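The values are calculated or read from the model by the stated rules, or taken from the named source; none is laboratory data. Note that the structure is a prediction, hence the values are computed from the model and not measured. Virtual Cβ from ideal backbone geometry, glycine too; neighbours counted across all protein chains shown. SASA here: full protein model, heavy atoms, side chains in, ligands and nucleic acids out. Shrake-Rupley method; radii C 1.70, N 1.55, O 1.52, S 1.80 Å.
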2 protein chains.
Amino acid sequence: MTQTFQNAVTRTIQVKDIRLVYRELGARGGVPVVFLHHLTAVLDDWDPKLLDGIAGSHHVVIFDNRGVGGSGGQTPASVAEMAADAIAFIEALGFAQVDLFGFSLGGFVAQVIAETRPDLVRKIVLAGTGPAGGAGISNIGAVLQDGFRKGAAAKKHPKHFLFFSPSHEGQKAADAFLHRLAERQADRDTPVSDQTVQAQVTAIAKWGQAPSSIEALKQVRHPVLIANGDEDVMVPTRNSIALFDALPNAKLSIFPDAGHGGIFQYADAFVDQTLRFLAE
Amino acid sequence: MTQTFQNAVTRTIQVKDIRLVYRELGARGGVPVVFLHHLTAVLDDWDPKLLDGIAGSHHVVIFDNRGVGGSGGQTPASVAEMAADAIAFIEALGFAQVDLFGFSLGGFVAQVIAETRPDLVRKIVLAGTGPAGGAGISNIGAVLQDGFRKGAAAKKHPKHFLFFSPSHEGQKAADAFLHRLAERQADRDTPVSDQTVQAQVTAIAKWGQAPSSIEALKQVRHPVLIANGDEDVMVPTRNSIALFDALPNAKLSIFPDAGHGGIFQYADAFVDQTLRFLAE
(Lines give C-alpha, C1' and ligand atoms only; values in the text may rest on other atoms or scores of the structure.)
Protein backbone atom coordinates (compact mmCIF):
# COMPACT_ATOMS: atom_id res chain seq x y z
CA MET A 1 0.00 0.00 0.00
CA THR A 2 1.24 3.48 -0.80
CA GLN A 3 1.87 5.38 2.40
CA THR A 4 1.82 9.07 3.13
CA PHE A 5 3.54 11.07 5.83
CA GLN A 6 0.37 10.83 7.89
CA ASN A 7 0.08 7.05 7.95
CA ALA A 8 3.56 5.70 7.16
CA VAL A 9 4.42 2.90 9.56
CA THR A 10 7.53 3.28 11.70
CA ARG A 11 9.85 0.34 11.09
CA THR A 12 13.22 -0.66 12.53
CA ILE A 13 16.22 -2.28 10.90
CA GLN A 14 19.44 -3.64 12.31
CA VAL A 15 22.40 -1.55 11.10
CA LYS A 16 25.77 -2.66 12.40
CA ASP A 17 25.45 -2.78 16.19
CA ILE A 18 22.14 -0.90 16.57
CA ARG A 19 18.56 -0.64 15.34
CA LEU A 20 17.53 2.45 13.37
CA VAL A 21 13.94 3.62 12.94
CA TYR A 22 12.66 4.56 9.48
CA ARG A 23 9.52 5.07 7.44
CA GLU A 24 8.80 4.53 3.75
CA LEU A 25 6.40 6.65 1.71
CA GLY A 26 5.17 6.39 -1.87
CA ALA A 27 5.17 3.42 -4.18
CA ARG A 28 8.13 1.05 -4.25
CA GLY A 29 10.15 0.90 -7.46
CA GLY A 30 12.63 3.17 -9.17
CA VAL A 31 15.53 4.82 -7.39
CA PRO A 32 14.50 5.56 -3.79
CA VAL A 33 15.01 9.05 -2.37
CA VAL A 34 16.70 8.85 1.04
CA PHE A 35 16.20 11.94 3.21
CA LEU A 36 18.96 13.13 5.55
CA HIS A 37 17.80 15.27 8.39
CA HIS A 38 18.77 18.47 10.23
CA LEU A 39 19.99 19.27 13.73
CA THR A 40 17.45 18.21 16.42
CA ALA A 41 15.12 16.63 13.86
CA VAL A 42 13.35 13.28 14.12
CA LEU A 43 11.06 11.50 11.65
CA ASP A 44 8.12 13.79 12.39
CA ASP A 45 10.08 16.96 11.60
CA TRP A 46 9.98 16.56 7.84
CA ASP A 47 7.41 18.82 6.20
CA PRO A 48 4.50 16.56 5.10
CA LYS A 49 3.88 18.87 2.13
CA LEU A 50 7.42 18.29 0.87
CA LEU A 51 7.53 14.57 1.57
CA ASP A 52 4.11 13.70 0.19
CA GLY A 53 4.81 15.91 -2.84
CA ILE A 54 7.88 13.88 -3.69
CA ALA A 55 6.41 10.55 -2.58
CA GLY A 56 3.60 11.09 -5.09
CA SER A 57 5.96 9.76 -7.75
CA HIS A 58 9.00 8.45 -5.85
CA HIS A 59 9.81 5.88 -3.22
CA VAL A 60 10.81 8.02 -0.23
CA VAL A 61 12.73 6.80 2.81
CA ILE A 62 13.19 8.82 5.99
CA PHE A 63 15.17 7.61 8.99
CA ASP A 64 16.73 8.59 12.29
CA ASN A 65 20.48 8.16 12.18
CA ARG A 66 22.44 6.67 15.09
CA GLY A 67 21.32 8.01 18.46
CA VAL A 68 18.61 10.25 17.00
CA GLY A 69 14.96 10.02 18.14
CA GLY A 70 13.79 6.42 18.25
CA SER A 71 17.06 4.96 16.92
CA GLY A 72 19.56 3.18 19.14
CA GLY A 73 23.11 4.12 20.02
CA GLN A 74 24.87 7.40 20.73
CA THR A 75 24.94 10.20 18.15
CA PRO A 76 28.50 10.65 16.88
CA ALA A 77 30.09 14.10 16.93
CA SER A 78 31.30 14.13 13.31
CA VAL A 79 29.71 14.34 9.88
CA ALA A 80 32.01 11.54 8.64
CA GLU A 81 30.65 9.09 11.21
CA MET A 82 27.07 10.13 10.42
CA ALA A 83 27.78 9.49 6.73
CA ALA A 84 29.24 6.04 7.48
CA ASP A 85 26.09 5.14 9.42
CA ALA A 86 23.84 6.47 6.66
CA ILE A 87 25.70 4.37 4.08
CA ALA A 88 25.29 1.30 6.30
CA PHE A 89 21.54 2.06 6.60
CA ILE A 90 21.14 2.35 2.82
CA GLU A 91 22.99 -0.93 2.32
CA ALA A 92 21.02 -2.66 5.04
CA LEU A 93 17.85 -1.81 3.12
CA GLY A 94 19.41 -3.46 0.07
CA PHE A 95 19.45 -0.39 -2.20
CA ALA A 96 22.11 -0.47 -4.93
CA GLN A 97 21.67 3.21 -5.74
CA VAL A 98 19.68 6.06 -4.19
CA ASP A 99 18.92 9.72 -4.63
CA LEU A 100 19.92 11.74 -1.57
CA PHE A 101 17.94 14.63 -0.16
CA GLY A 102 20.07 16.39 2.44
CA PHE A 103 18.82 19.36 4.43
CA SER A 104 21.25 21.42 6.53
CA LEU A 105 23.33 18.95 8.60
CA GLY A 106 21.82 16.27 6.36
CA GLY A 107 23.30 18.12 3.39
CA PHE A 108 26.76 17.87 4.93
CA VAL A 109 26.18 14.12 5.34
CA ALA A 110 24.96 13.83 1.72
CA GLN A 111 28.12 15.50 0.43
CA VAL A 112 30.36 13.07 2.31
CA ILE A 113 28.36 10.09 1.07
CA ALA A 114 28.70 11.33 -2.52
CA GLU A 115 32.44 11.84 -2.12
CA THR A 116 33.15 8.51 -0.42
CA ARG A 117 30.59 6.28 -2.17
CA PRO A 118 29.81 7.94 -5.52
CA ASP A 119 28.55 4.58 -6.86
CA LEU A 120 25.76 4.50 -4.30
CA VAL A 121 24.30 7.84 -5.40
CA ARG A 122 22.38 8.87 -8.53
CA LYS A 123 21.22 12.47 -7.86
CA ILE A 124 21.45 14.80 -4.89
CA VAL A 125 19.32 17.61 -3.51
CA LEU A 126 21.23 19.90 -1.14
CA ALA A 127 18.97 22.32 0.74
CA GLY A 128 20.02 24.93 3.30
CA THR A 129 23.52 23.58 3.41
CA GLY A 130 27.14 24.31 2.50
CA PRO A 131 30.66 23.00 2.00
CA ALA A 132 33.05 22.08 4.81
CA GLY A 133 34.77 25.27 5.97
CA GLY A 134 31.85 27.32 4.64
CA ALA A 135 31.23 30.89 5.80
CA GLY A 136 29.46 31.27 9.14
CA ILE A 137 28.68 27.58 9.64
CA SER A 138 30.78 27.28 12.79
CA ASN A 139 28.70 30.02 14.47
CA ILE A 140 25.94 27.47 14.98
CA GLY A 141 26.07 27.66 18.78
CA ALA A 142 25.55 31.42 18.91
CA VAL A 143 22.90 31.34 16.16
CA LEU A 144 20.95 28.66 18.05
CA GLN A 145 21.13 30.63 21.30
CA ASP A 146 19.86 33.73 19.52
CA GLY A 147 16.97 31.77 18.01
CA PHE A 148 16.01 30.29 21.38
CA ARG A 149 16.24 33.71 23.05
CA LYS A 150 13.99 35.31 20.41
CA GLY A 151 11.59 32.38 20.64
CA ALA A 152 11.32 32.70 24.42
CA ALA A 153 10.82 36.48 24.20
CA ALA A 154 8.09 36.14 21.55
CA LYS A 155 6.57 33.00 23.09
CA LYS A 156 7.04 31.26 19.74
CA HIS A 157 8.89 28.19 18.52
CA PRO A 158 12.56 29.06 17.84
CA LYS A 159 12.10 27.84 14.25
CA HIS A 160 10.17 31.08 13.65
CA PHE A 161 13.54 32.81 13.92
CA LEU A 162 15.96 30.08 12.84
CA PHE A 163 14.11 28.82 9.74
CA PHE A 164 12.07 31.81 8.50
CA SER A 165 12.58 35.45 7.57
CA PRO A 166 11.25 38.10 9.97
CA SER A 167 8.84 39.56 7.38
CA HIS A 168 5.08 39.11 7.58
CA GLU A 169 5.24 36.51 4.79
CA GLY A 170 8.10 34.67 6.50
CA GLN A 171 6.35 34.49 9.84
CA LYS A 172 3.09 33.40 8.25
CA ALA A 173 5.03 30.61 6.55
CA ALA A 174 6.53 29.61 9.91
CA ASP A 175 3.04 29.23 11.40
CA ALA A 176 1.90 27.12 8.45
CA PHE A 177 5.01 24.93 8.58
CA LEU A 178 4.73 24.26 12.32
CA HIS A 179 1.05 23.49 11.87
CA ARG A 180 1.90 20.91 9.20
CA LEU A 181 4.50 19.27 11.47
CA ALA A 182 1.77 18.68 14.06
CA GLU A 183 -0.61 17.01 11.58
CA ARG A 184 0.53 13.46 12.22
CA GLN A 185 -1.04 12.34 15.50
CA ALA A 186 -0.40 8.61 15.79
CA ASP A 187 2.88 6.79 16.36
CA ARG A 188 5.02 9.89 16.71
CA ASP A 189 8.76 9.58 17.08
CA THR A 190 10.82 10.08 20.27
CA PRO A 191 12.29 13.61 20.59
CA VAL A 192 16.07 13.99 20.39
CA SER A 193 18.12 13.72 23.55
CA ASP A 194 20.51 16.34 24.91
CA GLN A 195 23.36 13.99 23.95
CA THR A 196 22.20 14.06 20.31
CA VAL A 197 21.86 17.85 20.17
CA GLN A 198 25.29 18.38 21.71
CA ALA A 199 26.95 15.85 19.39
CA GLN A 200 25.21 17.36 16.34
CA VAL A 201 26.19 20.92 17.28
CA THR A 202 29.77 19.74 17.73
CA ALA A 203 29.69 18.02 14.34
CA ILE A 204 28.31 21.15 12.65
CA ALA A 205 30.88 23.43 14.29
CA LYS A 206 33.69 21.05 13.28
CA TRP A 207 32.34 20.99 9.69
CA GLY A 208 32.43 24.79 9.65
CA GLN A 209 35.98 24.87 11.05
CA ALA A 210 37.29 22.12 8.74
CA PRO A 211 39.48 22.87 5.71
CA SER A 212 37.42 23.91 2.71
CA SER A 213 35.94 21.03 0.73
CA ILE A 214 35.48 23.18 -2.40
CA GLU A 215 38.25 21.44 -4.37
CA ALA A 216 36.88 17.99 -3.50
CA LEU A 217 33.38 19.08 -4.54
CA LYS A 218 34.68 19.98 -8.01
CA GLN A 219 35.17 16.23 -8.52
CA VAL A 220 31.57 15.31 -7.61
CA ARG A 221 29.95 14.57 -10.99
CA HIS A 222 26.43 13.80 -9.78
CA PRO A 223 23.56 16.03 -10.84
CA VAL A 224 22.82 18.27 -7.85
CA LEU A 225 19.92 20.60 -7.12
CA ILE A 226 20.94 23.25 -4.58
CA ALA A 227 18.19 25.20 -2.83
CA ASN A 228 17.89 27.76 -0.07
CA GLY A 229 16.15 30.91 1.08
CA ASP A 230 17.95 34.17 0.31
CA GLU A 231 18.54 35.03 3.98
CA ASP A 232 19.48 31.82 5.75
CA VAL A 233 20.97 32.67 9.18
CA MET A 234 21.91 29.07 10.07
CA VAL A 235 23.93 28.04 7.02
CA PRO A 236 24.34 31.44 5.34
CA THR A 237 23.01 31.54 1.78
CA ARG A 238 26.42 32.33 0.32
CA ASN A 239 27.28 28.68 1.07
CA SER A 240 24.59 27.51 -1.36
CA ILE A 241 26.15 29.75 -3.99
CA ALA A 242 29.62 28.38 -3.16
CA LEU A 243 28.27 24.84 -3.68
CA PHE A 244 26.76 25.89 -7.01
CA ASP A 245 30.04 27.45 -8.13
CA ALA A 246 32.03 24.35 -7.15
CA LEU A 247 29.84 21.44 -8.25
CA PRO A 248 30.24 20.84 -12.00
CA ASN A 249 26.70 19.54 -12.60
CA ALA A 250 24.56 21.73 -10.36
CA LYS A 251 21.36 23.74 -10.55
CA LEU A 252 20.56 26.55 -8.13
CA SER A 253 17.24 27.59 -6.63
CA ILE A 254 17.06 30.59 -4.29
CA PHE A 255 13.75 31.71 -2.79
CA PRO A 256 13.25 35.40 -1.93
CA ASP A 257 12.34 36.67 1.54
CA ALA A 258 13.06 33.24 3.01
CA GLY A 259 15.47 31.67 5.46
CA HIS A 260 16.94 28.24 6.21
CA GLY A 261 13.43 26.79 5.80
CA GLY A 262 12.87 28.42 2.40
CA ILE A 263 12.11 25.02 0.87
CA PHE A 264 9.23 24.64 3.34
CA GLN A 265 7.98 28.21 2.84
CA TYR A 266 7.90 27.60 -0.93
CA ALA A 267 7.03 23.90 -0.62
CA ASP A 268 4.80 23.79 -3.71
CA ALA A 269 7.31 25.48 -6.01
CA PHE A 270 10.19 23.51 -4.54
CA VAL A 271 8.43 20.15 -4.90
CA ASP A 272 7.82 21.01 -8.53
CA GLN A 273 11.50 21.88 -9.05
CA THR A 274 12.62 18.72 -7.27
CA LEU A 275 10.32 16.46 -9.29
CA ARG A 276 11.59 17.97 -12.55
CA PHE A 277 15.17 17.58 -11.38
CA LEU A 278 14.68 13.93 -10.39
CA ALA A 279 12.84 13.17 -13.64
CA GLU A 280 15.28 14.73 -16.10
CA MET B 1 -11.57 50.14 -18.80
CA THR B 2 -8.94 47.74 -17.51
CA GLN B 3 -6.72 46.64 -20.34
CA THR B 4 -4.71 43.48 -20.80
CA PHE B 5 -1.62 42.80 -22.87
CA GLN B 6 -3.89 41.52 -25.65
CA ASN B 7 -6.04 44.63 -26.01
CA ALA B 8 -4.03 47.52 -24.52
CA VAL B 9 -4.19 50.51 -26.85
CA THR B 10 -0.90 51.89 -28.17
CA ARG B 11 -0.62 55.58 -27.25
CA THR B 12 1.99 58.23 -27.93
CA ILE B 13 3.27 61.04 -25.75
CA GLN B 14 5.59 63.96 -26.47
CA VAL B 15 8.81 63.59 -24.45
CA LYS B 16 11.36 66.35 -25.00
CA ASP B 17 11.90 66.52 -28.78
CA ILE B 18 10.22 63.24 -29.77
CA ARG B 19 7.09 61.11 -29.40
CA LEU B 20 7.35 57.82 -27.51
CA VAL B 21 4.87 54.94 -27.85
CA TYR B 22 3.47 53.27 -24.74
CA ARG B 23 0.65 51.10 -23.46
CA GLU B 24 -1.07 50.96 -20.08
CA LEU B 25 -2.47 47.79 -18.50
CA GLY B 26 -4.46 47.17 -15.35
CA ALA B 27 -6.53 49.57 -13.31
CA ARG B 28 -5.27 53.11 -12.72
CA GLY B 29 -4.45 54.06 -9.13
CA GLY B 30 -1.64 53.27 -6.73
CA VAL B 31 2.02 53.44 -7.66
CA PRO B 32 2.40 52.52 -11.34
CA VAL B 33 4.92 49.86 -12.38
CA VAL B 34 7.03 51.10 -15.30
CA PHE B 35 8.69 48.34 -17.32
CA LEU B 36 12.13 48.89 -18.86
CA HIS B 37 12.93 46.62 -21.74
CA HIS B 38 15.79 44.49 -23.09
CA LEU B 39 18.02 44.64 -26.16
CA THR B 40 16.01 44.44 -29.43
CA ALA B 41 12.68 44.45 -27.58
CA VAL B 42 9.56 46.43 -28.48
CA LEU B 43 6.18 46.64 -26.74
CA ASP B 44 5.09 43.21 -28.00
CA ASP B 45 8.13 41.45 -26.55
CA TRP B 46 6.96 41.50 -22.96
CA ASP B 47 5.61 38.16 -21.81
CA PRO B 48 1.80 38.52 -21.56
CA LYS B 49 1.75 36.05 -18.68
CA LEU B 50 4.10 38.27 -16.67
CA LEU B 51 2.46 41.58 -17.57
CA ASP B 52 -1.13 40.47 -17.08
CA GLY B 53 -0.14 38.75 -13.85
CA ILE B 54 1.17 42.00 -12.43
CA ALA B 55 -1.48 44.18 -14.07
CA GLY B 56 -4.13 42.13 -12.27
CA SER B 57 -3.46 44.30 -9.22
CA HIS B 58 -1.18 47.10 -10.45
CA HIS B 59 -1.19 49.90 -12.98
CA VAL B 60 1.42 48.74 -15.50
CA VAL B 61 3.11 50.97 -18.09
CA ILE B 62 5.26 49.66 -20.94
CA PHE B 63 6.98 51.90 -23.48
CA ASP B 64 9.56 52.07 -26.24
CA ASN B 65 12.42 54.33 -25.28
CA ARG B 66 13.97 56.80 -27.75
CA GLY B 67 14.51 55.30 -31.19
CA VAL B 68 13.06 51.90 -30.25
CA GLY B 69 10.19 50.30 -32.23
CA GLY B 70 7.42 52.81 -32.85
CA SER B 71 9.08 55.65 -30.91
CA GLY B 72 10.75 58.60 -32.60
CA GLY B 73 14.39 59.65 -32.58
CA GLN B 74 17.67 57.77 -32.62
CA THR B 75 18.54 55.24 -29.90
CA PRO B 76 21.43 56.60 -27.81
CA ALA B 77 24.51 54.43 -27.23
CA SER B 78 24.69 54.80 -23.45
CA VAL B 79 22.67 53.59 -20.49
CA ALA B 80 22.86 57.08 -18.93
CA GLU B 81 21.08 58.66 -21.92
CA MET B 82 18.45 55.90 -21.91
CA ALA B 83 17.85 56.56 -18.21
CA ALA B 84 17.49 60.32 -18.84
CA ASP B 85 14.87 59.61 -21.51
CA ALA B 86 13.04 57.15 -19.26
CA ILE B 87 12.90 59.74 -16.47
CA ALA B 88 11.52 62.29 -18.93
CA PHE B 89 8.89 59.76 -20.03
CA ILE B 90 7.80 59.06 -16.45
CA GLU B 91 7.56 62.78 -15.74
CA ALA B 92 5.68 63.44 -18.97
CA LEU B 93 3.03 60.97 -17.79
CA GLY B 94 2.79 62.98 -14.56
CA PHE B 95 3.82 60.24 -12.16
CA ALA B 96 5.36 61.49 -8.89
CA GLN B 97 6.68 58.05 -7.96
CA VAL B 98 6.84 54.70 -9.73
CA ASP B 99 7.96 51.14 -9.23
CA LEU B 100 10.54 50.11 -11.82
CA PHE B 101 10.70 46.71 -13.47
CA GLY B 102 13.98 46.44 -15.38
CA PHE B 103 14.91 43.39 -17.40
CA SER B 104 18.48 42.98 -18.72
CA LEU B 105 19.43 46.31 -20.42
CA GLY B 106 16.28 47.70 -18.78
CA GLY B 107 17.74 46.66 -15.43
CA PHE B 108 20.86 48.75 -16.13
CA VAL B 109 18.56 51.70 -16.90
CA ALA B 110 16.56 51.10 -13.72
CA GLN B 111 19.73 51.18 -11.60
CA VAL B 112 20.78 54.53 -13.08
CA ILE B 113 17.31 55.99 -12.53
CA ALA B 114 17.37 54.86 -8.89
CA GLU B 115 20.83 56.36 -8.38
CA THR B 116 20.13 59.70 -10.08
CA ARG B 117 16.47 60.20 -9.13
CA PRO B 118 15.87 58.17 -5.95
CA ASP B 119 12.82 60.32 -5.17
CA LEU B 120 11.06 59.12 -8.31
CA VAL B 121 11.28 55.44 -7.36
CA ARG B 122 9.48 53.39 -4.69
CA LYS B 123 10.51 49.76 -5.37
CA ILE B 124 12.59 48.05 -8.04
CA VAL B 125 12.58 44.64 -9.68
CA LEU B 126 15.88 43.79 -11.39
CA ALA B 127 15.70 40.69 -13.58
CA GLY B 128 18.49 39.15 -15.66
CA THR B 129 20.73 42.11 -15.03
CA GLY B 130 23.88 43.26 -13.27
CA PRO B 131 26.00 46.14 -12.04
CA ALA B 132 28.18 48.33 -14.25
CA GLY B 133 31.49 46.55 -14.77
CA GLY B 134 29.82 43.20 -14.04
CA ALA B 135 31.39 39.90 -15.06
CA GLY B 136 30.90 38.89 -18.69
CA ILE B 137 28.49 41.69 -19.61
CA SER B 138 30.83 43.22 -22.19
CA ASN B 139 30.88 39.91 -24.11
CA ILE B 140 27.41 40.72 -25.42
CA GLY B 141 28.51 40.87 -29.07
CA ALA B 142 30.01 37.38 -29.08
CA VAL B 143 27.14 35.94 -27.03
CA LEU B 144 24.59 37.36 -29.48
CA GLN B 145 26.49 35.97 -32.47
CA ASP B 146 26.60 32.56 -30.84
CA GLY B 147 22.86 32.67 -30.18
CA PHE B 148 22.10 33.66 -33.76
CA ARG B 149 24.42 30.95 -35.10
CA LYS B 150 22.76 28.27 -32.96
CA GLY B 151 19.33 29.59 -33.93
CA ALA B 152 20.16 29.41 -37.64
CA ALA B 153 21.62 25.90 -37.29
CA ALA B 154 18.56 24.63 -35.38
CA LYS B 155 16.05 26.66 -37.44
CA LYS B 156 14.80 28.16 -34.19
CA HIS B 157 14.46 31.64 -32.77
CA PRO B 158 17.79 32.73 -31.21
CA LYS B 159 15.96 33.32 -27.91
CA HIS B 160 15.86 29.52 -27.58
CA PHE B 161 19.60 29.76 -26.93
CA LEU B 162 19.97 33.28 -25.50
CA PHE B 163 17.07 33.20 -23.01
CA PHE B 164 16.61 29.53 -22.09
CA SER B 165 18.66 26.60 -20.82
CA PRO B 166 19.48 23.79 -23.28
CA SER B 167 17.61 21.16 -21.24
CA HIS B 168 14.32 19.66 -22.34
CA GLU B 169 12.49 21.78 -19.77
CA GLY B 170 14.30 24.93 -20.87
CA GLN B 171 13.54 24.41 -24.55
CA LYS B 172 9.91 23.57 -23.83
CA ALA B 173 9.70 26.84 -21.90
CA ALA B 174 11.22 28.68 -24.89
CA ASP B 175 8.49 27.34 -27.17
CA ALA B 176 5.78 28.36 -24.73
CA PHE B 177 7.28 31.84 -24.26
CA LEU B 178 7.58 32.52 -28.00
CA HIS B 179 4.04 31.28 -28.48
CA ARG B 180 2.80 33.75 -25.87
CA LEU B 181 4.66 36.63 -27.56
CA ALA B 182 2.70 35.91 -30.75
CA GLU B 183 -0.70 35.96 -29.03
CA ARG B 184 -1.41 39.62 -29.63
CA GLN B 185 -2.51 39.99 -33.26
CA ALA B 186 -3.82 43.54 -33.65
CA ASP B 187 -1.90 46.80 -33.54
CA ARG B 188 1.53 45.27 -33.17
CA ASP B 189 4.58 47.45 -32.66
CA THR B 190 7.28 48.28 -35.25
CA PRO B 191 10.37 46.02 -34.97
CA VAL B 192 13.65 47.60 -33.87
CA SER B 193 15.96 49.09 -36.49
CA ASP B 194 19.58 48.13 -37.06
CA GLN B 195 20.52 51.52 -35.63
CA THR B 196 18.75 50.66 -32.37
CA VAL B 197 20.36 47.22 -32.05
CA GLN B 198 23.84 48.62 -32.71
CA ALA B 199 23.38 51.48 -30.25
CA GLN B 200 22.00 49.12 -27.59
CA VAL B 201 24.82 46.61 -28.04
CA THR B 202 27.30 49.48 -27.71
CA ALA B 203 25.56 50.71 -24.56
CA ILE B 204 25.61 47.21 -23.04
CA ALA B 205 29.30 46.66 -23.88
CA LYS B 206 30.17 50.07 -22.39
CA TRP B 207 28.18 49.21 -19.24
CA GLY B 208 30.19 45.99 -18.93
CA GLN B 209 33.49 47.83 -19.43
CA ALA B 210 32.64 50.70 -17.09
CA PRO B 211 34.13 50.97 -13.59
CA SER B 212 32.24 48.85 -11.09
CA SER B 213 29.07 50.44 -9.69
CA ILE B 214 29.04 48.17 -6.63
CA GLU B 215 30.01 50.95 -4.19
CA ALA B 216 27.32 53.27 -5.59
CA LEU B 217 24.73 50.48 -5.31
CA LYS B 218 25.45 50.16 -1.59
CA GLN B 219 23.82 53.59 -1.23
CA VAL B 220 20.59 52.59 -3.01
CA ARG B 221 18.09 52.21 -0.17
CA HIS B 222 15.06 51.15 -2.21
CA PRO B 223 13.57 47.69 -1.71
CA VAL B 224 14.79 45.59 -4.62
CA LEU B 225 13.76 42.15 -5.84
CA ILE B 226 16.54 40.56 -7.89
CA ALA B 227 15.66 37.59 -10.11
CA ASN B 228 17.35 35.42 -12.68
CA GLY B 229 17.81 31.91 -14.00
CA ASP B 230 20.78 29.97 -12.63
CA GLU B 231 22.56 29.75 -15.99
CA ASP B 232 22.12 33.12 -17.69
CA VAL B 233 24.57 33.37 -20.61
CA MET B 234 23.75 37.00 -21.50
CA VAL B 235 24.18 38.71 -18.13
CA PRO B 236 25.85 35.89 -16.18
CA THR B 237 23.97 34.89 -13.03
CA ARG B 238 26.86 35.87 -10.77
CA ASN B 239 25.88 39.49 -11.53
CA SER B 240 22.50 38.96 -9.89
CA ILE B 241 24.31 37.67 -6.83
CA ALA B 242 26.67 40.67 -6.91
CA LEU B 243 23.63 42.99 -6.95
CA PHE B 244 22.14 41.09 -4.00
CA ASP B 245 25.39 41.36 -2.05
CA ALA B 246 25.67 45.11 -2.75
CA LEU B 247 22.13 46.41 -2.40
CA PRO B 248 21.28 46.91 1.30
CA ASN B 249 17.55 46.17 0.96
CA ALA B 250 17.41 43.34 -1.56
CA LYS B 251 15.75 39.97 -1.97
CA LEU B 252 17.09 37.30 -4.31
CA SER B 253 15.21 34.82 -6.48
CA ILE B 254 17.14 32.30 -8.59
CA PHE B 255 15.32 29.75 -10.74
CA PRO B 256 16.98 26.38 -11.46
CA ASP B 257 17.69 25.05 -14.96
CA ALA B 258 16.88 28.45 -16.43
CA GLY B 259 18.65 31.18 -18.36
CA HIS B 260 18.29 34.92 -18.97
CA GLY B 261 14.55 34.36 -19.49
CA GLY B 262 14.11 32.45 -16.22
CA ILE B 263 11.40 34.89 -15.13
CA PHE B 264 9.40 33.90 -18.21
CA GLN B 265 10.06 30.16 -17.78
CA TYR B 266 8.81 30.41 -14.18
CA ALA B 267 6.28 33.16 -14.92
CA ASP B 268 3.64 31.92 -12.45
CA ALA B 269 6.05 31.61 -9.53
CA PHE B 270 7.78 34.86 -10.43
CA VAL B 271 4.53 36.82 -10.71
CA ASP B 272 3.61 35.53 -7.27
CA GLN B 273 6.98 36.64 -5.86
CA THR B 274 6.73 40.04 -7.53
CA LEU B 275 3.19 40.68 -6.26
CA ARG B 276 4.24 39.81 -2.71
CA PHE B 277 7.29 42.05 -3.02
CA LEU B 278 5.26 45.00 -4.34
CA ALA B 279 2.58 44.50 -1.67
CA GLU B 280 4.83 44.25 1.37
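Couple of notes before you dig in:
- Rounded to 5, percent antiparallel among DSSP beta bridges of the protein assembly as shown: 30 percent
- In order through segment A:268-280: 3J(HN,Hα) via Karplus (6.51 cos²θ - 1.76 cosθ + 1.60), integer Hz, x for Gly, Pro: 4, 5, 6, 4, 4, 4, 5, 4, 5, 4, 5, 7, 3
- Summed over the residues of segment A:8-83 and divided among them, the accessible surface reaches 30 Å² per residue at a probe radius of 1.4 Å.
- Applying the Karplus relation 6.51 cos²θ - 1.76 cosθ + 1.60 with θ = phi - 60° to segment B:36-45 yields 3J(HN,Hα) values of 10, 9, 9, 2, 6, 8, 10, 3, 6, 8 Hz, where x marks Gly and Pro.
- log₁₀ of I(q)/I(0) at q = 0.18, 0.20, 0.22, 0.23 Å⁻¹ - segment B:124-240, Debye sum with one point per alpha carbon: -1.13, -1.27, -1.36, -1.38
- Counting DSSP beta bridges with both ends in chain A, the antiparallel % (nearest 5): 30 percent
- With N counted as the residues of chain B, its alpha-carbon radius of gyration over 2.2 N^0.38 Å works out to 0.91.
- Per residue, in Å², the accessible surface of segment B:145-280 once ligands and nucleic acids are set aside, probe 1.4 Å: 44 Å²
- Ranked from shortest, the separations from the 7 Å Cα-to-Cβ label point of A:Gln185 to its equivalents in the other copies are 5.7 nm.
- Only Lys, Arg, Asp and Glu carry charge here, each on its Cβ (+1 for the first two, -1 for the last two); on that basis segment A:139-280 has a dipole of about 260 debye about its Cα centre.
- Residues whose amide H lies under 5 Å from that of A:Val33, counting only those 5 or more places away or on a different chain, are A:His59, A:Val60, A:Val61, A:Asp99; hydrogens are built 1.01 Å from N in the peptide plane.
- Of all stretches in chain B that contain no trypsin sites (Lys or Arg not before Pro) in a DSSP loop with at most 13 other Cβ atoms within 10 Å, the longest one is B:29-154.
- Within the protein assembly as shown: Cβ-based charge dipole about Cα centre, in debye rounded to nearest 20 (Lys, Arg +1; Asp, Glu -1): 20 debye
- Whichever lysines have a C-alpha closer than 24 Å to that of A:Lys150, once near sequence neighbours (fewer than 8 apart) are set aside: A:Lys159, A:Lys172, B:Lys251
- Look at the dipole of chain A built from charges on Cβ: of A:Ala246, A:Ile62, A:Pro76, the Cα furthest out on the positive end belongs to A:Pro76.
- Summed over qualifying helices (DSSP H, 4 residues or more, each -39500 (n - 2.57)) and divided by its residue number, chain A shows a 222 nm mean residue ellipticity of -12000 deg cm²/dmol.
- Counting charges near B:Ala279 (Lys, Arg +1; Asp, Glu -1) among other residues having Cβ under 15 Å from its Cβ returns a value of 0.
- Using θ = phi - 60° in the Karplus curve 6.51 cos²θ - 1.76 cosθ + 1.60, the 3J(HN,Hα) couplings for segment A:114-130 round to 5, 6, 8, 9, x, 5, 7, 10, 9, 10, 9, 10, 10, 10, x, 9, x Hz; x is entered for Gly and Pro.
- Excluding same-chain neighbours fewer than eight residues apart, the lysines reachable from B:Lys16 by a Cα-Cα span under 30 Å are B:Lys123, B:Lys206.
- Under 5 Å from the amide H of B:Thr237 lie the amide H atoms of B:Asp232, each residue being 5 or more positions distant or on a separate chain, with H modelled from the backbone and absent for Pro and chain starts.
- Copies compared at A:Ala154 - label distances in nm, ascending, label defined 7 Å from Cα in the Cβ direction: 4.5
- Fraction of alpha-carbon pairs over 32 Å apart in the protein assembly as shown - percent: 46 percent
- Antiparallel %, DSSP beta bridges [both residues in segment A:22-142], to 5: 25 percent
- Bridging of B:Lys49 to aspartates and glutamates at a Cα separation below 17 Å is possible for B:Glu24, B:Asp175, B:Glu183, B:Asp268, B:Asp272, once same-chain residues fewer than 8 apart are set aside.
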